[in-house]
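These notes are about the structure you will find just below.
Derivation of every value follows stated rules applied to the coordinates shown; laboratory data play no part. The shown structure was predicted, so the numbers you read here are calculated from the model rather than taken from an experiment. Heads up, the Cβs are rebuilt from the backbone with ideal geometry, glycines too, and the neighbour counts pull from every protein chain shown.
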Amino acid sequence: ENSLEVETTEFDWFRPRRSEILIDVDEWDVFLFADVMYEKRFIEPVASVIATLLRQNKGSQAVFTDPQRSSFDAFIVELRSLGLEVRRELRMINICKAEPNKQLESEHHAISILFITLPQDSN
């Protein structure tokens, strides 16, 4: 039996205080973020929310994936300016597209995975 428990929630980056996640979260181990950095205007609010979640959940980490959009490097700079540690890994993934009556198409894409934590001395 697997005892893994997963919770999800809708979230507005620009109105985070209205979201339950910042009110009722104090014991989560990992926060997963995938494909959320669409525009430069998301850099500050997303980084701020990640910092808040990690500070509320000592010892937790955020895992963030992105297909390396143009704002991604600035996002890493913002995370570090908030005192967070960021480790970046580049991975190649295979994306398959299936359409009716067509041959399966496969494409290779690079994605970045960030592992974000508080500095060790603040845990």
| note | Within the under-15-Å Cβ sphere about Val63, not counting Val63, Lys/Arg +1 and Asp/Glu -1 give a net charge of -2
| task | Measure off 7 Å from each Cα along the Cα-to-Cβ vector at Ala98 and Arg15, then give the distance between these two points in nanometres to one decimal. | result | 3.9
| Phe33 long-range amide H proximity, modeled H, under 5 Å | Val63, Phe64, Thr65
| Over the Cα atoms of the chain, Rg to Rh with Kirkwood Rh, two decimal places? | 1.03
| said: What do you get for the angle between helix 43-56 and the principal long axis of the chain? Use alpha-carbon atoms, 0 to 90 degrees, nearest ten. | reply: 50
| DSSP-assigned coil residues among trypsin sites (Lys or Arg not before Pro) in the range 37-80, each with at most 14 further Cβ atoms within 10 Å | Lys58
| message | At 0.36 nm per residue, and after removing the present C-alpha to C-alpha distance, how many nm does the segment from Tyr38 to Ala110 gain when stretched out fully? | response | 24.3 nm
| message | Testing the spin-label approximation: label points 7 Å from Cα along Cα→Cβ at Arg69 and Arg88. State their distance in nm. | response | 1.6
